[in-house]
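K.L.:
One structure coming up, written as structure tokens, with questions to follow.
FYI, it's all coordinate maths here, none of it is from the lab. Note that the structure is a prediction, hence the values are computed from the model and not measured. FYI the Cβ positions are ideal-geometry reconstructions off the backbone, even for glycines, and counts take in every protein chain you see.
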Amino acid sequence: MKALYPGSFDPLTFGHLDLIERGCALFGHVLVAVLKNPGKTATFNIDTRLEQIKNATNHLKKVEVISFEGLTVNCAKQHNADLILRGLRAMSDFEYELQIAHTNRSLNSLYETVFLVTEAHHSFLSSSLVKEVARFGGETKHMVPEGVAKDLRRLFN
């Protein structure tokens, strides 16, 4: 079974990595799909984000990392995914994620969204928070993989 895990991953956090690892254990294959969102200005360009994820997941045999534009359900169909994987950190995520899941289902009823709850010790992490900590010189090693932490230090120092 192949799970599509879409997101901007700007940057990848240990919360994201936790879901990728657990998704592999549950579904066998995880396709990490990095969204090229023309409506947002990314901190890291698409190639850097792809490389960060590939480096952080190189210990996992059944992970594929791609980029995509457009609708998640179209990406899922194009890459023969069986389901869409999304993470929940807190109740505040649920309403937004539920809306997205219903929208995806209305666009293509073949795709179920499966939610995994982030491990409690990662529940405070968000890419925005990590970037803010890095921007002000804080330590991010406990928030992101080492390669991402190095990229953040280079960017903000």
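K.L.:
Filter K2/K61; K2/K77; K2/K40; K54/K150 down to the pairs with a C-alpha to C-alpha distance above 23 Å, please. Can you show the working numbers first?
P.N.:
Numbers: K2/K61 13 Å; K2/K77 11 Å; K2/K40 28 Å; K54/K150 15 Å.
Cα-Cα > 23 Å for K2/K40; rest within.
K.L.:
Can you give the direction-averaged projected area of the convex hull of the alpha-carbon atoms in the chain, in nm²?
P.N.:
Details: hull surface 35.1 nm².
In nm², the orientation-averaged hull projection of the chain is 8.8.
K.L.:
Another one. Take the alpha-carbon positions of segment 11-54, form their convex hull, and give its projected area averaged over all directions (one quarter of the hull surface) in nm².
P.N.:
On the way: hull surface 13.4 nm².
For segment 11-54, the mean projected area of the Cα convex hull comes to 3.4 nm².
K.L.:
If you average the sequence gap of Cα pairs under 8 Å that are 6 or more apart and divide by the length of segment 2-156, what percent do you get for the contact order?
P.N.:
Details: 228 pairs, mean separation 45.7, N = 155.
Answer for segment 2-156 is 29 percent.
K.L.:
Ok, one more. Quick check: pseudo-label points 7 Å beyond the Cα along Cα→Cβ at N108 and E95, how many nm apart are they?
P.N.:
Taking the simple label geometry, N108 and E95 are separated by 2.9 nm.
K.L.:
Can you give me the convex hull volume of the Cα atoms of segment 38-105, divided per residue and expressed in Å³? Let's see the in-between values first.
P.N.:
Values: hull volume 9.2 nm³, N = 68.
In segment 38-105, the Cα hull volume divided by residue count equals 136 Å³.
K.L.:
How charged is the neighbourhood of I46? Take every other residue with its Cβ under 11 Å from the Cβ of I46, and add Lys/Arg as +1 and Asp/Glu as -1.
P.N.:
Working: positive: K36, R49; negative: D10, D47, E51, E69.
In short, -2.
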